[in-house]
Amino acid sequence: MFSFQWPWLISLLLLPLIAYRFWPAQAEPKTQQPELRFPNTKHLTAAFKQHKAKPLTTPPPKYKWLLLSVAWLGLTLAVMYPQWLDKHTDVKQTGYDLMLAVDLSGSMRGRDFVAPNGARINRLEATKIVLAPFIKRREGDRIGLILFADHAYLQAPLTLDTEAVGTLLEKAALGMAGRETAIGDAIGLAVKKLRERPSDSRALILLTDGNNTAGVIAPQQAAELAKQYGIRIYTIGVGSVSFGQQSLNEAPLREISELTGGTYFPATDLQALANVYQHIGDNLLKTEVESRIYLQRTPLYPIPLTIALLALLGLAVKQVRLASEVA
């Protein structure tokens, strides 16, 4: 389908006519013509009676007006931005709205997980190992990412680009958001981003060790807010319940999940952490994403612009030839 981006710019075609109509005329300077006294005027007149004097100013030739008109028309059409629009394509997808909130506080340094190769890894590294394939398998789902410590930060809004979310999670590092743990702030930020999404398909997956030590909102207060909007919170306790000062605090995580209709999962090893996501997928309902219309725009302005430039080039060549003939 052919269309113009700015069709109202066609009014520029009238600009030369308006300028010609209202531009003040240049009055020729009045000079006193010299008088030539010749005694035999009759003989001089008879000698030149066959000669017709040419006017001092001649109107521009027709080709000049034609080329200038073509150039102005081409420039006007170019600025109107002609384009070809491909057929509309409606895309409908079904999926979940999942917001991931990952703890980056200092307590996530606890090395109470064992990697597949037998090496000891900290809680954040274990979270990345399990979350990476989970994110890749979420084709059709909208995934968001919140990283929190002293404060909560939205790293990725809800998006179908799971590859980008996975990359942002992989680059996350302990301490980049502080050393404390603001669980309530993370929940509050997730509620703000999920509250306008369809119900029964939206959920917050909170991965932390459960020790809230910072933030302006208490975790229970933020959970009450999530309950008002019908947002389920699935809490995942990352770590061991007996790991010294960095042990897992399960009680507040259970309260948050039970209050919002979610479930608490103790993830004490990698396999337990992986099983969590299978359970979540079985208990959420997929909803249809709103229709999206894609328009493939092909700009066509180079065509009239090229015609205008060729017309100006032709006019310049013609003027150069006339000048060379006169010389």
Within the stretch 183-197, residues being out of contact with any helix residue (DSSP H, G or I) (no Cβ under 6 Å at 6 or more places or on another chain) and either farther than 16 Å from Leu145 by Cβ or outside the structural domain of Leu154 (by TED's automatic domain parsing) (or both) number 2
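Here's the yes/no breakdown for (1) buried (at least 22 other Cβ atoms within 10 Å of the Cβ); (2) within 30 Å of Trp6 (Cβ to Cβ); (3) in contact (Cβ under 8 Å) with a residue 24 or more places away in the chain:
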position	(1), (2), (3)
Gln83	no, yes, yes
Ala101	yes, no, yes
Gly106	no, no, yes
Asn117	no, no, no
Arg120	no, no, no
Thr127	yes, no, yes
Arg138	no, no, yes
Asp150	no, no, yes
Thr159	no, no, no
Leading residue by the ranking (nearest to Gln271 (Cα to Cα)) among those in the stretch 144-176 that are in contact with a Gly (Cβ under 9 Å, 6 or more places away or on another chain) and β-branched (Val, Ile, Thr)
Val165
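Please return the ranges of strands (runs of 3 or more DSSP E) entirely within the stretch 139-215 where 3 or more residues are more than 24 Å from the chain's Cα centre (by Cα) and under 14 Å from Ala226 (Cβ atoms). I'd like the intermediate steps shown before the answer.
On the way: elements: 142-148, 152-159, 202-208.
So the answer is 202-208.
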Scanning the stretch 198-225 residue by residue, the ones that are more than 20 Å from Leu248 (Cβ to Cβ), crowded, with 17+ Cβ neighbours inside 10 Å and either among the polar types (S, T, N, Q) or not assigned by TED's automatic domain parsing to the domain that holds Glu258 (or both) total 1
Here is a check on your reading of the model: is Gly144 more than 22 Å from Pro198 (Cα to Cα) and either among the basic types (Lys, Arg) or in the same structural domain as Gly237 (by TED's automatic domain parsing) (or both)?
no
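Which residues, taken from the stretch 161-191, are buried (at least 20 other Cβ atoms within 10 Å of the Cβ) and of a type in the set (Asp, Glu)?
Taking the stretch 161-191 and keeping what is buried (at least 20 other Cβ atoms within 10 Å of the Cβ), we get 165-166, 169, 177, 181-191.
Answer for the stretch 161-191, where residues must be buried (at least 20 other Cβ atoms within 10 Å of the Cβ) and of a type in the set (Asp, Glu): just Asp185.
The values are calculated or read from the model by the stated rules, or taken from the named source; none is laboratory data. None of the values given here were measured: they were computed from a predicted structure. No Cβ is skipped: glycine too gets one built from the backbone with ideal geometry, and neighbour counts run over all protein chains shown.
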